[in-house]
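A.B. asks: Dropping the structure in here first, questions after.
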Amino acid sequence: MNPPVVPVPQRITWTATARHLEGGVLRVCGPSPLVDRVADLAARCAGVKVLLAGPDDADVLVDVDPSWRPDPACGVPAGLDPGLGDDECFEIDRRTVRAATEAGAYRALTVLLQAVTPDGLLLCTAADAPALRWRGLTLDVARHFLTVAELESIVDLLAWYRLNVLHLHLTDNQAWRLEMPGRPALTPAGSGSYTAADIAGLAEYARRRHITLLPEIDMPGHVRAVLTAYPGLAGEQAAALPGLGHLRPGVPAAVEFAEEAVDLLCSLVPTPYVHVGGDEAFSMDPREYAAFVRLLHRRVHANGKRPVAWQEASRARSFTAGDVLQQWISPGDAPGPEVLDRLPPEYAGFRDVLAATFDEAPQDLPRTIADGASVLLSPSYPFYLDRRYAEPSADASQEALMSRLGHAGYPAERTSVLYDWVWDDVPGIAGAQAALWAETIDDFADLAALLLPRLPVLAELMWNRQRQPWPRVAARIAAHARVWNRLGLSGYYRSVDVFPEETL
């Protein structure tokens, strides 16, 4: 049986032999910093010890040569580089890894780590390149705070599946998680927050795994936590609908706050992109909304960075070449009459606001591409992982958990059906990104149940455009439960689509 590698390389042939690993240690001859980084990942994800070795003693030889060129049959990766300038293509010739960059070699060694068995290292020949250059996960830490240690486990999980972006949604109506100098009321003691040093440290942890950290502050909507802490930022104009509030361009204090926040955000990460939100500013005057989005984008550009923003930001016409729109609206997302009819009377005006938001959505992507920017694919279907499972768990004890976990506004879906999604190779695509929102998450076990086993399915779709029969895909993914357990994600959902009852 072939090793359960996820994502499967585009071209791979397994040999019938395994190389014995003396003492169970994988010895690698290659650049010392690269081997150190791989050793960290191997220990945390697989419990495999990796040591630097000379060419005569090594189990794996790494050749990083900038003049090396990938197999043309693997195709040219589509999309936008998320920030580290990495060429992730590689080839494996039994014990030899070749790549033009250390990033490519790192991805190849991740494949080989997944091929370590009790019998040794299973040997293969492989040529590989990602289908999409930008492959990420949006994680909502505003609604449910995660410790730095928990975030490091998520980074390791992404590296294991050759994903390369972790997008942190740091602020929302429920909380503002980023400590700001001179703004202590935003992050009261004990509420759960990150210092600038926390974010910078996590960015470095991610960089060592060839992952870009993309921090987000969401404005001008989703700012109830800000306005609760500093009511003066709302100005004198009351919110048009109860519970909603916005930062407005005509309020000098709000503009000053936004500029401070953007400046801080840009200082936290060395990579080119920061995310400035821009979604669901419901009931905000369209002209005020556009003006505020423009000032956010100008401030990001003034800091030498490029903005990423949610889909509605295209309506401000402030995207330029190199900027990125993150799509989230899928066909069918518009709430139907059965949802709108349940709105309280004081939200009667919300019907028209919602209708306008979704009615204009089909124009957002073409408009963005026409303005020269790129589109990051994160449509709610299939990429929102906070939806409920349509299939049962092979573990009956999870039944009660799933009665409360997952957003009721999204139709439940089977894990196996997610694998049917095909992305369009349209001009202007940046890449793709899964998203996990935390409205129903209470702890790390809840997060694991929504994230796994679905994230590896989407990682496979982002890396490899070829499709295999679902039972083969499921069998490969099921074998990774031991990795999830090591990373503290033992609460994963025991989907019968992935885990037949007899395998548990």
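The values are calculated or read from the model by the stated rules, or taken from the named source; none is laboratory data. Just so it is clear, the model here is predicted, and its values are computed rather than measured. Here Cβ is always computed from backbone atoms with ideal geometry, including for glycine, and neighbour counts include all displayed protein chains.
A.B. asks: Any idea how many residues of segment 105-132 are of a type in the set (S, T, N, Q) and either in contact with an Asp or Glu (Cβ under 8 Å, 6 or more places away or on another chain) or farther than 21 Å from Arg465 by Cα (or both)?
C.D. replies: Qualifying residue count, segment 105-132: 2.
This table checks each residue for (1) of a type in the set (S, T, N, Q); (2) within 30 Å of Tyr419 (Cβ to Cβ); (3) at pLDDT 95 or above.
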site: Val8; (1), (2), (3): no, yes, yes
site: Val35; (1), (2), (3): no, no, yes
site: Val60; (1), (2), (3): no, no, yes
site: Pro77; (1), (2), (3): no, yes, no
site: Arg95; (1), (2), (3): no, no, yes
site: Ala103; (1), (2), (3): no, yes, yes
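A.B. asks: Moving to a separate point now. From the list Leu163, Leu202, Leu158, which residue is within 21 Å of the chain's Cα centre (by Cα), crowded, with 18+ Cβ neighbours inside 10 Å, of a type outside the set (Ser, Thr, Tyr) and assigned to a loop (DSSP other than H, G, I, E, B)?
C.D. replies: Leu163
A.B. asks: I'm told Glu236 meets every condition in (1) acidic (Asp, Glu); (2) over 22 Å from Gly136 (Cα atoms); (3) part of a helix (DSSP H, G or I) except one. Can you identify the failing condition by its number?
C.D. replies: (3)
A.B. asks: Of all the residues that make up segment 433-452, how many are touching an Asp or Glu at 6+ places or on another chain (Cβ under 9 Å) and surrounded by fewer than 24 Cβ atoms within 10 Å (Cβ to Cβ)?
C.D. replies: Counting residues in segment 433-452 that are touching an Asp or Glu at 6+ places or on another chain (Cβ under 9 Å) and surrounded by fewer than 24 Cβ atoms within 10 Å (Cβ to Cβ) gives 8.
A.B. asks: What's the number of the only condition in (1) surrounded by 23 or more Cβ atoms within 10 Å (Cβ to Cβ); (2) in contact with a strand residue (DSSP E or B) (Cβ under 8 Å, 6 or more places away or on another chain) that Pro220 fails to meet?
C.D. replies: In the conditions (1) surrounded by 23 or more Cβ atoms within 10 Å (Cβ to Cβ); (2) in contact with a strand residue (DSSP E or B) (Cβ under 8 Å, 6 or more places away or on another chain), Pro220 misses (2) alone.
A.B. asks: Of all residues being over 19 Å from Arg183 (Cα atoms) and among the aliphatic types (A, V, I, L, M) in segment 227-259, which is modelled with the highest pLDDT? Just the residue, please.
C.D. replies: Among those that are over 19 Å from Arg183 (Cα atoms) and among the aliphatic types (A, V, I, L, M), it is Leu244.
A.B. asks: Quick one: which of Leu296, Leu354, Leu265 is under 24 Å from Asp86 (Cα atoms) and either part of a loop (DSSP other than H, G, I, E, B) or hydrophobic (A, V, I, L, M, F, W, C) (or both)?
C.D. replies: Leu265
A.B. asks: Separate question: Specify the residue that is modelled with the lowest pLDDT; the eligible residues are those in segment 299-327 that are assigned to a loop (DSSP other than H, G, I, E, B) and in contact with a strand residue (DSSP E or B) (Cβ under 6 Å, 6 or more places away or on another chain).
C.D. replies: If we take residues in segment 299-327 being assigned to a loop (DSSP other than H, G, I, E, B) and in contact with a strand residue (DSSP E or B) (Cβ under 6 Å, 6 or more places away or on another chain), then Gly322 is modelled with the lowest pLDDT.
A.B. asks: Hey, another quick one. Here are some residues: Asp71, Asp86. Which one is modelled with pLDDT under 95, among the charged types (D, E, K, R), crowded, with 20+ Cβ neighbours inside 10 Å and not assigned by TED's automatic domain parsing to the domain that holds Tyr205?
C.D. replies: Only one candidate qualifies: Asp86.
A.B. asks: Do you know which residues across segment 177-198 are within 20 Å of Arg143 (Cβ to Cβ) and not in a loop (DSSP other than H, G, I, E, B)?
C.D. replies: Leu178, Ala185, Leu186, Tyr194, Asp198 - these are the residues of segment 177-198 that are within 20 Å of Arg143 (Cβ to Cβ) and not in a loop (DSSP other than H, G, I, E, B).
A.B. asks: Right, next: Tally up the residues in segment 92-120 that are assigned to a strand (DSSP E or B) and crowded, with 23+ Cβ neighbours inside 10 Å, please.
C.D. replies: Number satisfying all stated conditions: 3.
A.B. asks: So, one more: What are the residues in segment 273-285 that are surrounded by fewer than 21 Cβ atoms within 10 Å (Cβ to Cβ) and modelled with pLDDT of 95 or more, if any?
C.D. replies: Asp279
A.B. asks: Determine, yes or no, whether Gly304 is farther than 21 Å from Met284 by Cα and touching a Phe, Trp or Tyr at 6+ places or on another chain (Cβ under 9 Å).
C.D. replies: No.
A.B. asks: Going by the conditions given, is Pro366 closer than 24 Å to Val483 by Cβ and not hydrophobic (A, V, I, L, M, F, W, C)?
C.D. replies: no
A.B. asks: Name the pairs whose Cβ atoms lie under 6 Å apart, with the first residue in segment 190-206 and within 17 Å of His144 (Cβ to Cβ), the second among the polar types (S, T, N, Q) and in a loop (DSSP other than H, G, I, E, B), and 6 or more positions between them or separate chains?
C.D. replies: Ser193/Thr187
A.B. asks: Can you name every residue in segment 405-445 that is in a strand (DSSP E or B) and not polar (S, T, N, Q)?
C.D. replies: Answer for segment 405-445, where residues must be in a strand (DSSP E or B) and not polar (S, T, N, Q): Glu413, Ile429, Ala430, Gly431, Ala432, Ala434, Ala435, Leu436.
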